[in-house]
Amino acid sequence: MKYLFTGGASGGHIYPALAVADEIRRREPDAEFLYVGVAGRLEERVVPGRGYKLQLVRSRPYPRSSSPWALTRFALTLSIGVLQAMVVLLRFRPQLIFGTGGFVSAPILFACGILKRVGLCRVEVFAYEPNAHPGLLNQAVGRLASRIGVGFEEAGRWFDMKRVAVVGFPVRREVLQLDRSTGRRQLEIPADRFVVFVFGGSQGSRVINRALVEALPILMSHSEQIVVLHATGRTQTADYDAVLDTERRLEEAGIDESSTDWYQRCEYLEQIEHAYAAADLVVCRGGMSTLTEVGVSAIPSIIIPLSTSAEDHQAINAREIERRGAASVLYEEACWMESGEVGTRVSGRRLADAIVEYVNDPEKAKAVGAAAGVIPRRDSLECIVDELQGLVQGRRPAPLKLEFPSPQTNLPTDPNRFLRHVRDRLDQVDHRIEALPDHDLAYLRYQADRHLASSAWYEIPLGRRNVGVKLVGWLRYTDRLDLVLEILRNRRSAGLVKRWVGGDFIHPGILRRNAVEYALARIGLAEGGAPLRQALLEALKTDPYFEVRRATAVVLGEQGVAGDQDVEGALMDALGDDAPSVVTAAIAALGHVGCDGERLLPRLRAFYVHDDWQYRQQTVIALDRLLQRHIIDGADIVDDLDVILSTSPNFEPAFPLKRSLDELATRVRTHMTPDGSSRAGAGG
Amino acid sequence: MALVAPAQGDRRLLYYLGTYLQDHIAALSFLRLLDSISFRALGGAITAMLFTITFGGRIILALYSSGRRDKSRSYDHFPVTGKGATKTYGGPLVVASIVTSVLLWGKLHNPFTLICLFAVFWFAGLGYIDDHLKVRHGASDHGLSETAKLALQLLYGVGFGLFFVVEGWSPMPPGLATQLFVPFFKTPIIDLGWGYVPFIVFTVIAISNSVNIADGIDGLAIVPVAFAVAVYAVFAYVSSHARISEFLIFPFVPGAEEVAIICSIVFGACLGFLWFNSYPANVIMGDTGSMALGGLVGTIVVLVKQEFLFIIVGGIFVTEALSVVIQEKVGIKWLGRRFFLSAPIHHHFQSRGLADTKIVIRFWIVAGILALAGLATLKIR
């Protein structure tokens, strides 16, 4: 038999493929293998070392921006890759293709689809999707595959269920043969301690490392009970060195490692299975290999999903496991980093609280661990290889049975569609945030964080950060108030060309406007307090973009406290603004919050014969409000009435026929019975 | 009496009938008038106008009953006139009147006529698909995708460009097709060679889309189109006339008089359409109409070899299109800010509180002045 493996760019795609290949090689020593990958990616380093032949083709990730240049480049590279892959397929002539997804597998799978269509190639395709949410490529080639192996049965919903087999994720044998006492002995930990194993994968995770160091001082009070095992990982890049950064932060936090026995740090655990064996709680990322290994070890976990994972699959995995009561999830939060960019973090307080909850409640830990142990298949590898052989022999898997509709709605990944989803969801509960279940609200708010922290923040159209800002408002996410205020206040200027054409700051005008109009307006002056009020006053005075000033004037008018001198003063100043929409908004706002009739009236009188009728219109409305609020007296303006110029280049058309039709339509609706019985009654 | 076969090159219906009658009945010899370009132009315009006015009412009712109605997008911040009566897509009306009149008055074997007819059908078809999808989905945002529209326009542009530039196919005298003429200059400023094809593609796409964009308020697009084709009728007439073209120093293009006739027919059709489309409209062009007119004007502009003149004569359309490009591409997509309250620019004026009628008539005034300025370039160069 000839097997072709493809998939990659990340370990999550490559290692399962290699595990399957190893198993096949064990069963069929004379099988031929070929791995198809992309130059310069992880597979180029890993695959030859495991004794498999590697062929390279071209491919590149699907661009997440809609720039035509990126799309063209993608299309060109992929076309070349598909042609190369066709040559590979025609020369190697495999009987079976095992694709684990990722852009690396795109050329082979598309080439295979084309060759099959023209009858040049007869090969069975097995697509493997370990995550709860299929990647873009597997979504695309799902219909092409003869069989799709999924890790979570939830993922089966995305494919033709007749061809889906739930196979789980291949686990290393070493993890399956765990023994708690051996683990503890290896790591020299007393049996009565509660072991918390914290790690962010082999490379390590900045968020987890920093969160843990922040949490340690809080955990200190439990130092008699617990042992924290911390694997920092090996990342050494220009902006983050896992080991050095952690050491520096430990020092700042005043934790002396040499004198404590409850905190043990290492760079990397060669035999991670001992740590699993010894642990009572794991803090980890949401990748499938980690989750599966934690699952088979039947330990409770605190999952911190990577917010930048493709299609946010880590969070979806985590949520799926949380739904089964097998873990708790801590989502990343958006925050300002030291570099002046928006990044993500998990606060040490939250992490410490989550850990302490397990430490204090062994029953809960036991229950969660038991629930976790049920989820992963332990025979996944055999299962996959059996499926592969079944596929070659023409056997069909037992059809997957899932309850419909899904117990957990799949949220759209497209930012704008997600926004619409949230709006509908909030409409259902009349915008009462409290009515949403806690874990749903946490997830939705995490989406706000994720979009706020997205690096694609001036992405077309309007970017993901824009979506984050709107979500902050809709979900009344007051924890992010500071961040939104910073977006409004930040004065880092845009590039020279942009400024020359009319741009201003790095946070573009529309983003700042949305910060006011969506986020700040909904959080509200009452909730936001002094910083919010100060930022709004500042924006009204100094923001160079008219829509920001207009939105600010509107918010101040609607939510400002009547009699607030500063607000009134700022709005008065805004009457001299260059942009008409700002002035009209300010006039309207003064009608609501103006209190100083003496000063206000002369300013408004200046608009009585203004060229722009909208100024006059707002002035009239404002005067009316001021009268109602007893700020001014009728006698003050009785002589003004025939001074105000009332001609206007605007009118509202009235269509008598349309009006009558509308009246008829409402009457028809009120006079309508479901089965038309009124007419029948009249007839009888 | 056997019908006399028409002379080669004169296969137009009225001419056919006219020659037959004037040859056989002495009293009808005044039908020689049918040879006169100005008479045919006038006749074509009046036919198109009367056709529209006569059949307009019935066609509108028929279209309305078949469900071709406007679903106007609801804007949050300003009233859309569509909240009045529901309007009908009347594009087919304009197209029918133009085609009928051309069949009656045009020389059907003339390459200029054929190109123009093809342009009308191509763009009307394109617009019709768009309208049809919008009607079917019941939303103005769900028409033909922008890419598909552009691809079809591109296809036409490339085809037309090649036809126009390749010697042997081209209806232009040798060596003239690829010369670039610019207003205020007597002689061509540059010979673009094959580069003329992309230039044609750009011109056609830009003009057809800009007419489409301008068609936003009742009567806003149709009158500037009428003004523009009137000016181009004059230019086409000038270059088709051996003596006048010599006098005004224009390249002599035999056969271009058919473009003048088509221009005047379009002028007539526009007036006829305005009959129904004037504020408050009971029928709007829809994409069928605006695309057909835009595509046709884009083609005429190239055939007359006065592409740059459109920047003056069609200033309204250029402004509308530029406002969209500035607002959407430069402003919102790149800089993240707006330059207008809303785009295209007539929506900006709506937001600023001008009544639709006011905007439309002011645009007409500007279009009229621009048309006169365009005409002035006949002599000022």
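The values are calculated or read from the model by the stated rules, or taken from the named source; none is laboratory data. Nothing here was measured: the structure is a model prediction, and the numbers come from that model. FYI the Cβ positions are ideal-geometry reconstructions off the backbone, even for glycines, and counts take in every protein chain you see. Surface areas here come from the heavy atoms of the whole protein model, side chains and all, with no ligands, DNA or RNA. Shrake-Rupley method; radii C 1.70, N 1.55, O 1.52, S 1.80 Å.
Somewhere in the range A:512-525, is a residue within 14 Å of chain B (Cβ to nearest Cβ) and small (Gly, Ala, Ser)? Yes, because at least one residue in the range A:512-525 is within 14 Å of chain B (Cβ to nearest Cβ) and small (Gly, Ala, Ser). Flag: A:VAL484 does not match the condition of being within 14 Å of chain B (Cβ to nearest Cβ), in a helix (DSSP H, G or I) and among the hydrophobic types (A, V, I, L, M, F, W, C). Given the options B:LEU152, B:LEU126, B:LEU162, name the one that is of a type outside the set (D, E, K, R), open to solvent by less than 20 Å² (accessible area, probe 1.4 Å) and either closer than 17 Å to B:GLY289 by Cβ or at pLDDT 90 or above (or both). Of the residues listed, the single one that is of a type outside the set (D, E, K, R), open to solvent by less than 20 Å² (accessible area, probe 1.4 Å) and either closer than 17 Å to B:GLY289 by Cβ or at pLDDT 90 or above (or both) is B:LEU126.
Which ones in the range A:215-235 are farther than 18 Å from A:GLU251 by Cα and in contact with a helix residue (DSSP H, G or I) (Cβ under 7 Å, 6 or more places away or on another chain)? Result: A:HIS222, A:GLN225, A:ILE226, A:GLY233, A:ARG234, A:THR235. Residues that are touching a strand residue (DSSP E or B) at 6+ places or on another chain (Cβ under 7 Å) and part of a helix (DSSP H, G or I) within the range A:497-515 comprise just one, A:ARG499. Among the residues of the range A:646-674, those that are more than 10 Å from chain B (Cβ to nearest Cβ), at pLDDT 85 or above and assigned to a loop (DSSP other than H, G, I, E, B) comprise A:SER646, A:THR647.
For the range A:245-291, the set of residues classified as in a loop (DSSP other than H, G, I, E, B) and either crowded, with 16+ Cβ neighbours inside 10 Å or touching a Lys or Arg at 6+ places or on another chain (Cβ under 7 Å) (or both) consists of A:ILE255, A:GLU257, A:TRP262, A:GLU267, A:TYR268, A:LEU269, A:ALA279, A:ASP280, A:ARG285, A:GLY286, A:GLY287, listed by residue number.
Give me the residue from the range B:336-350 that is closer than 24 Å to B:ASN277 by Cβ and without any contact (Cβ under 8 Å) to a residue 60 or more places away in the chain and, out of that set, nearest to the other protein chains (Cβ to nearest Cβ). Step by step, filter the range B:336-350, then rank; the result is B:PHE349. A single entry from A:ARG616, A:ARG599 fulfils the requirement of being open to solvent by 10 Å² or more (accessible area, probe 1.4 Å), away from chain B (no Cβ under 14 Å) and in a helix (DSSP H, G or I): A:ARG599. Listed by first and then second residue, the pairs with beta-carbon distance under 6 Å, at least 6 apart or on different chains, first residue in the range A:118-133 and in the same structural domain as A:GLY156 (by TED's automatic domain parsing), second of a type in the set (D, E, K, R), are A:PHE126/A:ARG147; A:ALA132/A:GLU154; A:ALA132/A:GLU320; A:HIS133/A:GLU311.
In this structure, does B:ILE249 turn out to be free of Cβ contacts under 8 Å to residues at least 24 places away in the same chain, open to solvent by 10 Å² or more (accessible area, probe 1.4 Å) and either out of contact with any Phe, Trp or Tyr (no Cβ under 7 Å at 6 or more places or on another chain) or within 24 Å of B:PHE118 (Cβ to Cβ) (or both)? Considered against the rule, which asks whether it is free of Cβ contacts under 8 Å to residues at least 24 places away in the same chain, open to solvent by 10 Å² or more (accessible area, probe 1.4 Å) and either out of contact with any Phe, Trp or Tyr (no Cβ under 7 Å at 6 or more places or on another chain) or within 24 Å of B:PHE118 (Cβ to Cβ) (or both), B:ILE249 comes out as no.
Out of the range A:502-540, which residues are of a type in the set (A, V, I, L, M) and open to solvent by 50 Å² or more (accessible area, probe 1.4 Å)? Within the range A:502-540, A:ALA526, A:ALA530 qualify. Is it true that A:ASP566 is away from chain B (no Cβ under 14 Å), touching a residue at least 12 places away in the same chain (Cβ under 8 Å) and under 25 Å from A:LEU600 (Cα atoms)? Criteria met by A:ASP566.
Restricting attention to the range B:351-373, the residues that are more than 9 Å from every other protein chain (Cβ to nearest Cβ) and open to solvent by 20 Å² or more (accessible area, probe 1.4 Å) total 10.
Taking the listed residues A:SER202, A:SER181, A:SER223, the one that is touching a residue at least 24 places away in the same chain (Cβ under 8 Å), polar (S, T, N, Q) and under 22 Å from A:PRO362 (Cβ atoms) is A:SER223, with no other qualifying. Cβ-Cβ contacts under 7 Å between residues 6 or more apart (or on different chains), taken from a first residue in the range B:191-212 that is outside any helix (DSSP H, G or I) to a second residue that is open to solvent by 30 Å² or more (accessible area, probe 1.4 Å), are listed as B:ASP191/B:GLN179; B:LEU192/B:PHE199. Taking only the range A:543-573 into account, find how many residues are part of a helix (DSSP H, G or I) and closer than 18 Å to A:ALA622 by Cβ. Here the count works out to 17.
Of everything listed in (1) at pLDDT below 95; (2) open to solvent by less than 10 Å² (accessible area, probe 1.4 Å); (3) in contact with a Gly (Cβ under 9 Å, 6 or more places away or on another chain), the single unmet condition for B:THR377 is (3). Residue count for the range A:195-238 satisfying the condition of being of a type in the set (Phe, Trp, Tyr) and in contact with a Phe, Trp or Tyr (Cβ under 8 Å, 6 or more places away or on another chain): 1. B:VAL229 satisfies every condition listed in (1) part of a helix (DSSP H, G or I); (2) within 23 Å of B:LEU162 (Cα to Cα) except (2).
Looking at A:PRO217, is it open to solvent by 30 Å² or more (accessible area, probe 1.4 Å), over 21 Å from A:VAL294 (Cβ atoms) and part of a helix (DSSP H, G or I)? Yes; evaluated as a whole, the condition is true for this residue.
For the range A:484-496, the tally of residues that are touching a strand residue (DSSP E or B) at 6+ places or on another chain (Cβ under 9 Å) and surrounded by 23 or more Cβ atoms within 10 Å (Cβ to Cβ) stands at 1. Against the conditions (1) outside any helix (DSSP H, G or I); (2) closer than 20 Å to B:ILE300 by Cβ, B:GLU167 satisfies every one except (2).
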